[in-house]
Amino acid sequence: METVGLSDKKNVYPENLSGGQKQRVAIARALAMNPDIMLFDEPTSALDPEMVGDVLNVMKKLVDQGMTMVIVTHEMGFAKEVANRVMFIDDGYFLEDGKPDEVFNHPKNERTKSFLTKY
C-alpha cells in the first residue's frame, strides 16, 4: 500500500475509497504477486479527472522502478512520456509501431495522424 501512496487507508473499506484509490489498491494487489509484467487496460477511463493524476503517478513510479508494462490508454501525454514503444491500434489493426517520438511526431499512417491531431 505504501508503493501506491495508500498506507493510511489499509483499514478502510472499499465503499469509503474514491475511484482513484480503488484503482491504486488494485495495482497494489497485483504488485503483491511480484509480477514480471503488468497489463493495464484503460486504467484511468472510469476515473474522475481529479483522480487520474494519482493513478498515473503510481504508474510512473513503477516505470522508474523498471516494471515492464503493457498499457492500453487514451492518455497520449502519459504514453509519450513513459513508453519506450508505442503501438496505435484502430479497429483491430496495428497501424503504427515504433518509438514514441516516431509515432507521435512522425506518424506514417493517415489514421494515426488524424487521431493525434485531436490530442
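What follows draws every value from the coordinates through simple rules; no lab data is involved. Note that this is a predicted model, so its numbers are computed, not measured. Reconstructed Cβ throughout: ideal geometry from the backbone, glycine too, with neighbour counts over all protein chains shown.
A straight Cα-to-Cα reach below 17 Å connects K113 with the aspartates and glutamates E75, D90, D91, E96, D97, D101, E102, residues fewer than 8 places away in its own chain not being considered. Counting charges near A46 (Lys, Arg +1; Asp, Glu -1) among other residues having Cβ under 15 Å from its Cβ returns a value of -4.
Neighbours of Q23 by Cβ distance under 12 Å: Lys/Arg scored +1, Asp/Glu scored -1, total -1.
The distance separating the Cα centre of segment 15-69 from that of segment 81-111 comes to 23 Å.
Springs join every pair of Cα atoms under 10 Å in this Gaussian network model of the chain, and among V70, V12, V25 the largest mean-square fluctuation is at V12.
The charge dipole of the chain, taken about its Cα centre with unit charges on the Cβ atoms of Lys, Arg (+1), Asp and Glu (-1) only, comes to about 160 debye.
Helix 49-64 and the longest principal axis of the C-alpha atoms of the chain enclose an angle of approximately 80°. Axis of helix 19-31 versus longest Cα principal axis of the chain: the two differ by about 90°, to the nearest ten degrees. Of the beta bridges in the chain, as assigned by DSSP with both residues counted there, near 50 percent are antiparallel. Positive contributions from Lys and Arg (+1) and negative ones from Asp and Glu (-1), summed over other residues with Cβ under 12 Å from the Cβ of K60, come out at -3. Largest GNM mean-square fluctuation across A46, A28, A83, computed for the chain with C-alpha springs under 10 Å, falls on A46. Here the translational diffusion coefficient of the chain follows from Stokes-Einstein with Rh set to the Kirkwood radius across Cα pairs; for 25 °C and 0.890 mPa s it amounts to 157 µm²/s.
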